[in-house]
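Notes to accompany the following structure.
A short reminder: the numbers here are calculations on the coordinates, not readings from a lab. What you see is a predicted model; the values in this text were computed from it and never measured. Cβ placement follows ideal geometry from the backbone for every residue including glycine, while neighbour counts extend to all protein chains displayed.
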Amino acid sequence: MSRILLLYSSVYGQTLKISQFIESEARALGDEVVVRPLAEGAADAAGFDALVVGSSIRHGKHHAEVMDFVRAQRELLDRMPSAFFSVSLIARKPTKQTPETNQYVREFVAKSPWKPRLIGIFGGVLDYQRYRVFDRYAIRFIMTLTKGPTDLHTNVEFTNWDKVREFTAQLSALAAGRSVQA
């Protein structure tokens, strides 16, 4: 049994939902996962076998607190098995679900001093009614450009739970010190 610390940064809750799914799936594999907001930090990380950071995209970028955490905790992240996952609407498209094809993850990895051993990329939720007015119309504009849903009553979840399950199995292997197939 491995112990995994999963820190997440979320605005509308899908990254938390994915984190809780990872926790449940990892438990079924025999691991223990502690899920908490990134802001609560990793002061007790020495008691874990692996560390995961999950972040959604907001206005075309991962949350600033994620990069702040990475810079402050680089030694910790380099020392222990670590993983990263990103949640975005662009990842609704299968062609945008790899580190090489997802521009947000490419930019994050290029700017980050941390190179996670495992990266997951998952589609988020498009729920226009939950967004503030500015966000609603900004996202609708982006959906128009990327040929996504533009009806302001759209509420659709693009998360591929099988891909999250696969990521969790790889994470379990990483935490146990086994090789990970990317």
Margin query: Explain nothing, just the number: dipole magnitude of the range 105-158 about its Cα centre with +1 on each Lys and Arg Cβ and -1 on each Asp and Glu Cβ, in debye rounded to the nearest 20.
Written below: 280
Notebook entry, point to check: P(r) of the range 91-182 in 5 Å steps, Cα pairs, percent per bin?
Noted result: 3, 12, 17, 18, 18, 14, 9, 5, 3, 0
Margin query: Along the Cα→Cβ direction, 7 angstrom out, place labels at Tyr137 and Met1. What is the inter-label distance in nm?
Written below: 5.3
Item checked: Percentage of interatomic Cα-Cα distances in the range 86-144 larger than 19 Å -> 39
Margin query: Quick check: from the Cα gyration tensor, does the range 1-95 come out rounded (a/c under 1.5), prolate or oblate?
Written below: oblate
Note to self: Across the chain, what fraction of all alpha-carbon pairs, as a whole percent, falls in each successive 10 Å bin from zero upward?
What the structure shows: 10, 39, 35, 13, 3
Next item on the list: Quick one: go through the range 59-88 and flag any residue whose amide nitrogen is under 13 Å from the point 7 Å out along the Cα-to-Cβ line of Lys115.
Entry: 78
Notebook entry, point to check: What nm value, rounded to one decimal, do you get for the distance between Lys147 and Glu75 when each label is placed 7 Å out toward the C-beta?
Noted result: 5.0
Notebook entry, point to check: Say the dipole of the chain comes from +1 at the beta carbon of Lys and Arg and -1 at that of Asp and Glu; which of Tyr131, Ala169, Gly47 then lies farthest toward its positive end?
Noted result: Tyr131
Notebook entry, point to check: Taking the Cα centre of the chain as origin and charging only Cβ (+1 Lys, Arg; -1 Asp, Glu), how large is the dipole, in debye to the nearest 20?
Noted result: 560
Notebook entry, point to check: What is the total of Lys pairs in the range 1-152 with C-alpha atoms under 21 Å apart, excluding same-chain pairs fewer than 8 positions apart?
Noted result: 12
